[in-house]
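Encoded as structure tokens, the structure appears first; notes follow it.
Taken together, the values in this text are just the output of simple stated rules run on the coordinates, not laboratory data. If you're wondering where the values come from, they're calculated on a predicted model, not measured in any experiment. Glycine gets a Cβ as well: all are built from the backbone with ideal geometry, and neighbour counts include every protein chain shown.
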Amino acid sequence: MRLRTLPVSVAGVLGGTACAISRHGFSLVPMLICLVFAVVAQIASNFANEYYDFKNGLDRKGREGYRRGVTEGDIAPAAMKRATYTLLCLDALLGCTLIYYGGWWLIAVGVAVAVFAVAYSTGPYPLSHHGLGDVAVVIFFGFVPVIFTEYVQTGVFRLDYMNICTSLAIGLLAANVLIVNNYRDMEDDRAVNKRTTVVIFGRTPMLVVYALNGIIATGCFMYTTINSDSFLRSLWICNCVPIGMLISILYRERGAHLNKVLKFTSLLLLADVILLLLITLISE
């Protein structure tokens, strides 16, 4: 399930909830449904990635990243495929309950999420194999969960500065998690012609992108809370410390040593969103 990266899906829902709170529209039940829906969708996507990368010969035993159950023989490929589509079906049923809060058109959003969960790793043009994974992550872990979590709680669809800045900040930090994953796996991916952005552009340019994503995300969070007089707002500047430390490790280390950077990049995103939520709560 790749538990170390699950904070990424949680962050988008919490970010959308912060937007809803700022509009005095917080609603617990749809927020919890969105939270479970997002986490299950990410787990299903992870399962699909493991199954289809194995099926297409893109994984090998002893790879640098976290242990892959199918590749290492711990899980039968058929069992992983069943688990993937069972989770997607259950998540679809759960998502249908949001129709009560947001209308029938949310089915289209749910279908898009399900397609992304699978299309990331397979189909006629797998996103992760053609340098499009980073953009897809910004959209489906940033804009989609933030905007629609806020929508089902308030009943109003908005694309204003609060939603856009929050979505972009969360999306960019989520993309950083993917960058670290691909940074670690660069040699393995290149060997099987899996063209991630790190394979296409190289490690040094993507290290710069990682830094820029962190800086832009921090600026977006600061702008989102610009009208708050909470003392917590000054903590945004502290983001530069963990970002700098993680960049230093990325620059020095290779292989499995980068797993800790992956974990802390994910946790930094979650910490930033919790800070946003706290500032929003205090300001209301």
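Sorting 80-93, 39-52 by their mean Cβ neighbour count within 10 Å, with the most densely packed peptide first, gives 39-52, 80-93. Shown for the chain: lysine pairs separated by 8 or more places, or found on different chains, whose C-alpha atoms are under 24 Å apart, numbering 9. Each of Glu187, Glu253 was scored by other Cβ atoms within 10 Å of its Cβ. Arranged with the fewest first, they read Glu187, Glu253.
Computed about the Cα centre, the dipole magnitude for the chain is approximately 620 debye when only Lys and Arg (+1) and Asp and Glu (-1) carry charge, each at its Cβ. In the chain, helices alone account for a calculated mean residue ellipticity at 222 nm of -22500 deg cm²/dmol, with every DSSP H run of four or more residues adding -39,500 (n - 2.57).
Along the axis of the charge dipole computed for the chain (Cβ charges of +1 for Lys and Arg, -1 for Asp and Glu, origin at the Cα centre), the listed residues Thr265, Thr280, Ile99 are led at the positive end by Thr265.
So what is the orientation-averaged projected area of segment 153-284, using the convex hull of its C-alpha atoms, in nm²?
9.1
Within the P(r) computed for the chain, what percentage of the Cα pairs occupies the region above 31 Å? Value for the chain (Cα pairs over 31 Å): 26 percent. For the chain, the relative contact order comes to 27 percent (Cα pairs under 8 Å, sequence separation of at least 6). Along the axis of the charge dipole computed for segment 3-283 (Cβ charges of +1 for Lys and Arg, -1 for Asp and Glu, origin at the Cα centre), the listed residues Ala112, Thr197, Phe143 are led at the positive end by Thr197.
Left without a cysteine partner by the 4.7 Å Cβ rule in the chain: Cys19, Cys34, Cys89, Cys96, Cys238, Cys240.
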